[in-house]
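S.K.: Have a look at the structure that comes next, please.
The values are calculated or read from the model by the stated rules, or taken from the named source; none is laboratory data. Predicted model, so just to flag it, every value in this text is computed and none were measured. Because the Cβ atoms are built from the backbone with ideal geometry, glycine has one as well, and the counts that use them run over all protein chains shown.
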Amino acid sequence: MAQPGNKPVFAPWNDPSKKPLIQFKNVTKKFGEFVAIDNLTLDIYAKEFFALLGPSGCGKTTLMRMLAGFENPTSGTILLDGQDIAKVPPNKRAVNMMFQSYALFPHLSVANNIAFGLKRSPMPKQEIPARVEEMLRLVRLEQFANRKPHQISGGQRQRVALARSLAKAPKLLLLDEPLGALDAKLREDTQFELMDIQEKTGTTFVIVTHDQEEAMTVASRIAVMDHGQIIQVDTPDKIYEYPNSVYVADFIGDVNLVKGRIGASDGEKYSINWAEGQPAIKAAGPAGIAPDTECHFAIRPEKVAIAMEKPTDKPNALQGRILDIAYLGNVSTYHVELDNGIIMKAQMANNRRISRRDLTWDDHVWVSFTETAGLVLVK
């Protein structure tokens, strides 16, 4: 039970007594000889904001289309609330889908766009205006009810499409790259609006995106996909801090990857031999990695310190020269060429004016990090 004043932790996937809303059981989908989804098993829980993340062609949209009923699995089972939905037509499923294009009717007003699906549902006609009003309030568009789609902004059209999708109170809402058409600032604002609306309605959202930052912002959990398979499913912080493979580490955020071999070990601490003439990297990793195993050391740039003098308090310190500097406003990323030619990125907060910065191009510097700042990855 949550302590008074603490927000309760939403993590039904950690509770064995909770039954998933959606279950993919050994699902395979083929198009001819091409395997789009390869023997995939996945559970998604009620009230989750779940993200399917991966590059183009990884299978995420195929998964969504199978949930919507536009495709059927070649083999395996998909359950929604315990029911096999393979033979349930799209219009009979408690599922709605919001497309990237929004697909609004240009000749209908905002209110009538929202009402369109309700007028074809069993809802009594006299209840429809109140439901439309409720949806307009939810997306804060009451004053735009009588406007046509071309008379409102892209962000407002996105909210109309969302209101229309939620009007029939589906158990599950599928969002296919819903923010792709918005500019960066509006997309950021809309992400938080989506999260707020999802929390207010309690609807389960499944979003397909190739935008890592978007998935990290909105999702309760993320499934990172590649070639029709799920490589890792976890909360955004775990995916970022504890990727289970080089693929996930490299796909999510920025990372330094150093290839090497396991040297000496002590429980879950390892020495990684990575370059002749360079000191071994001391790092943490899963227990039981055998000596001489090929591995990668992964460390995020913000966990790498950079200084003119060699630090005395860090077990890992490597010398190099600043090759490039990326100024990103709040932070600067330094590209440091180590003595053996490998480039390592270090990030520093810009809490001083750029004109007062101590480090610049071609400076000889030290990059350093603790034993637990990075991870040893063996796959």
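S.K.: Can you pull out every residue in segment 13-50 that is among the acidic types (Asp, Glu) and surrounded by 21 or more Cβ atoms within 10 Å (Cβ to Cβ)?
M.R.: 48, the sole residue that qualifies.
S.K.: Please go through segment 110-162 and pick out each residue that is part of a loop (DSSP other than H, G, I, E, B), under 24 Å from residue 196 (Cα atoms) and out of contact with any Phe, Trp or Tyr (no Cβ under 8 Å at 6 or more places or on another chain).
M.R.: The answer is 139, 140, 141, 145, 153.
S.K.: If you don't mind, there's one more thing I want to ask. Residue by residue through segment 51-83, note down the ones that are surrounded by fewer than 17 Cβ atoms within 10 Å (Cβ to Cβ) and part of a loop (DSSP other than H, G, I, E, B).
M.R.: 55, 56, 57, 70, 72, 74, 81, 82
S.K.: Criterion first (free of Cβ contacts under 8 Å to residues at least 60 places away in the same chain and part of a loop (DSSP other than H, G, I, E, B)) does residue 169 satisfy it?
M.R.: Answer is yes for this residue.
S.K.: Report yes if residue 280 is surrounded by fewer than 20 Cβ atoms within 10 Å (Cβ to Cβ), of a type in the set (Gly, Ala, Ser), free of Cβ contacts under 8 Å to residues at least 60 places away in the same chain and touching a strand residue (DSSP E or B) at 6+ places or on another chain (Cβ under 9 Å), otherwise no.
M.R.: So residue 280 passes the test.
S.K.: In addition: Test residue 214 against the criterion of being under 23 Å from residue 140 (Cβ atoms), surrounded by fewer than 16 Cβ atoms within 10 Å (Cβ to Cβ) and either in the same structural domain as residue 38 (by TED's automatic domain parsing) or among the acidic types (Asp, Glu) (or both), and give yes or no.
M.R.: Considered against the rule, which asks whether it is under 23 Å from residue 140 (Cβ atoms), surrounded by fewer than 16 Cβ atoms within 10 Å (Cβ to Cβ) and either in the same structural domain as residue 38 (by TED's automatic domain parsing) or among the acidic types (Asp, Glu) (or both), residue 214 comes out as no.
S.K.: Another one. Of the residues that make up segment 227-236, is at least one surrounded by 15 or more Cβ atoms within 10 Å (Cβ to Cβ), in contact with a helix residue (DSSP H, G or I) (Cβ under 7 Å, 6 or more places away or on another chain) and closer than 22 Å to residue 293 by Cβ?
M.R.: Yes, some residue in segment 227-236 is surrounded by 15 or more Cβ atoms within 10 Å (Cβ to Cβ), in contact with a helix residue (DSSP H, G or I) (Cβ under 7 Å, 6 or more places away or on another chain) and closer than 22 Å to residue 293 by Cβ.
Table: residues versus (1) surrounded by 13 or more Cβ atoms within 10 Å (Cβ to Cβ); (2) at pLDDT 95 or above.
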site: 303; (1), (2): yes, yes
site: 309; (1), (2): no, no
site: 312; (1), (2): no, no
site: 325; (1), (2): yes, no
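Each row is one residue, and each column tells you yes or no for (1) surrounded by 21 or more Cβ atoms within 10 Å (Cβ to Cβ); (2) touching an Asp or Glu at 6+ places or on another chain (Cβ under 7 Å); (3) of a type in the set (D, E, K, R); (4) in the same structural domain as residue 94 (by TED's automatic domain parsing).
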residue	(1), (2), (3), (4)
156	no, no, no, yes
165	yes, no, no, yes
174	yes, no, no, yes
189	no, no, yes, yes
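S.K.: Ok, one more. Check off (1) at pLDDT 90 or above; (2) surrounded by 14 or more Cβ atoms within 10 Å (Cβ to Cβ); (3) not basic (Lys, Arg) for residue 100 and give me the number that stays unchecked.
M.R.: The number of the failed condition is (1).
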